[in-house]
1. What are the pairs with Cβ atoms under 8 angstrom where one residue, in the stretch 144-156, is closer than 11 Å to residue 118 by Cβ and touching a residue at least 24 places away in the same chain (Cβ under 8 Å) and the other, located anywhere, is hydroxyl-bearing (Ser, Thr, Tyr) and in a helix (DSSP H, G or I)? Sequence gap at least six, or different chains.
2. Restricting to the stretch 123-133, name every residue that is in contact with a helix residue (DSSP H, G or I) (Cβ under 7 Å, 6 or more places away or on another chain) and crowded, with 18+ Cβ neighbours inside 10 Å.
3. Within the set of pairs 6 or more residues apart or between chains, which connect a residue that is under 16 Å from residue 142 (Cα atoms) inside the stretch 178-189 to a residue that is among the basic types (Lys, Arg) with Cβ atoms less than 6 Å apart?
4. Could you check residue 48 against (1) at pLDDT below 95; (2) surrounded by 13 or more Cβ atoms within 10 Å (Cβ to Cβ); (3) touching a Ser or Thr at 6+ places or on another chain (Cβ under 9 Å) and say which number it fails?
5. Being under 14 Å from the mean Cα position of the chain (by Cα) and modelled with pLDDT of 95 or more is the requirement here; does residue 141 meet it?
6. Can you find a residue in the stretch 57-65 that is aromatic (Phe, Trp, Tyr), closer than 23 Å to residue 181 by Cα and surrounded by 15 or more Cβ atoms within 10 Å (Cβ to Cβ)?
7. Taking into account only those residues within the stretch 99-119 that are free of Cβ contacts under 8 Å to residues at least 60 places away in the same chain and under 14 Å from residue 148 (Cβ atoms), which is nearest to the chain's Cα centre (by Cα)?
Amino acid sequence: GNGYWQEQGAQVIASNDAEADHQDRASMQLTGLSTLIGDDMLAGTEPSPADITFDTDYTLELGGVTLQLHHEGAAHTPGDSTVWLADRSTLFAGDIVYVERILGIGPQSNTQEWVVSFEALAALNPEHIVPGHGNPTDLATATRDTYDYLINIRTKMAAYIEDGGEIIDSVKIDQSAFSYLKNFEGLAGRNAQEVFTQMEWE
């Protein structure tokens with residue numbers, strides 16, 4: 001969607017890791033969109049690079065408001081960043097935070113770094129968090145639905161791998177404490193297998 005906003009006069013800002021990820025997965029993402037919305041709806045859509053990129057931090061002044069962009073490391077995707085409005089104690093967390101629904105762990109995700117990225121945003125102690133998925137929330141809820149889920153699945157999977165478990169049965173690790181989250185039935189097993197694949201080589 002970068003191109004649309006650039007046509008409206010906006011400047012797109014992204015971490016260098018996000019820009020690299022966009023380039024690496026552009027073809028796959030366009031193919032996925034074609035399947036989802038059809039070629040007619042996709043017509044004219046072309047990958048468009050960010051106008052401004054940064055390594056870890058970028059400060060933007062907009063309408064008298066200071067926005068601090070920060071990229072700690074990988075999470076749901078390699079380039080996930082946060083936007084911090086310190087004077088309002090409000091954090092736009094993007095896909096580092098999911099609430100109300102189970103988070104999605106894919107081949108592009110890194111759960112080890114995701115934990116670190118969450119801890120970095122939690123250290124800001126924001127009063128308000130705007131997540132990538134779910135309604136605006138607080139740190140306690142974000143911790144419960146995202147961080148605690150990551151810690152649970154990684155801890156259980158580490159023990160499972162240590163005991164010689166195989167990927168086919170990794171879906172059976174206990175994630176029931178998070179069954180209240182939307183899409184649990186559809187994603188819990190897939191998440192488990194992806195975490196197994198990642199942790200087998202950590």
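1. Once the first residue is closer than 11 Å to residue 118 by Cβ and touching a residue at least 24 places away in the same chain (Cβ under 8 Å) and sits in the stretch 144-156, its partners that are hydroxyl-bearing (Ser, Thr, Tyr) and in a helix (DSSP H, G or I) give 150/111.
2. Listed by number, the residues that qualify are 126, 129, 131.
3. Going by the 6 Å Cβ cut-off, the qualifying pairs are 181/101; 182/101.
4. (3)
5. It is false that residue 141 is under 14 Å from the mean Cα position of the chain (by Cα) and modelled with pLDDT of 95 or more.
6. The answer is no, given that none of the residues of the stretch 57-65 is aromatic (Phe, Trp, Tyr), closer than 23 Å to residue 181 by Cα and surrounded by 15 or more Cβ atoms within 10 Å (Cβ to Cβ).
7. It comes out as 114.
Every residue, every condition in (1) within 25 Å of residue 106 (Cα to Cα); (2) crowded, with 18+ Cβ neighbours inside 10 Å; (3) of a type in the set (S, T, N, Q); (4) touching a Lys or Arg at 6+ places or on another chain (Cβ under 7 Å), yes or no:
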{"position": "36", "(1), (2), (3), (4)": "yes, no, no, no"}
{"position": "67", "(1), (2), (3), (4)": "no, no, no, no"}
{"position": "72", "(1), (2), (3), (4)": "yes, yes, no, no"}
{"position": "77", "(1), (2), (3), (4)": "yes, yes, yes, no"}
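The values are calculated or read from the model by the stated rules, or taken from the named source; none is laboratory data. A quick note: this is a predicted structure, and the numbers were derived from the prediction, not measured. Cβ coordinates were reconstructed from backbone atoms using ideal geometry, including for glycine residues, and neighbour counts include every protein chain displayed.
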